[in-house]
Amino acid sequence: MRWVHIAVVALFGLITLIFLIQNREVVSMNFLSFGARMPLAVMAGIFYALGAITGGSLFALLMKSVRGSGIK
């Protein structure tokens, strides 16, 4: 099962890398009062990394919560 997980993560990483290579044009992003102009590849890479960090943190928090509750 561990190898399947590694393969899925590697596949998503590869797909993201292909997307980043093919989308290098400059785009604008505005959120509340924050605005940025940067290549789409850079923006997508930043959001992918933020999603991976927050997703991993949320998974760890949920696992800790489940272990602490005594549910098996």
Review point. What are the residue pairs meeting all of these: first residue in the stretch 17-45, first residue open to solvent by less than 80 Å² (accessible area, probe 1.4 Å) and of a type in the set (S, T, Y), second residue in a strand (DSSP E or B) and modelled with pLDDT of 90 or more, Cβ atoms under 6 Å, and 6 or more apart or on different chains?
Key: S28/R37
Check your understanding: Of the conditions (1) open to solvent by 70 Å² or more (accessible area, probe 1.4 Å); (2) in a helix (DSSP H, G or I), A60 fails just one. Which one is it?
Key -> (1)
Practice item. Please work out if G68 is modelled with pLDDT under 75 and in a helix (DSSP H, G or I). Key: yes
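The values are calculated or read from the model by the stated rules, or taken from the named source; none is laboratory data. Fair warning: this is a prediction, and the values are worked out from it, not measured in the lab. With ideal geometry, Cβ positions are generated from the backbone for all residues, glycine too; neighbour counts draw on all protein chains shown. Ligands, DNA and RNA are stripped out before the accessible areas are found, and what is left, the full protein with its side chains, is counted by its heavy atoms. Shrake-Rupley method; radii C 1.70, N 1.55, O 1.52, S 1.80 Å.
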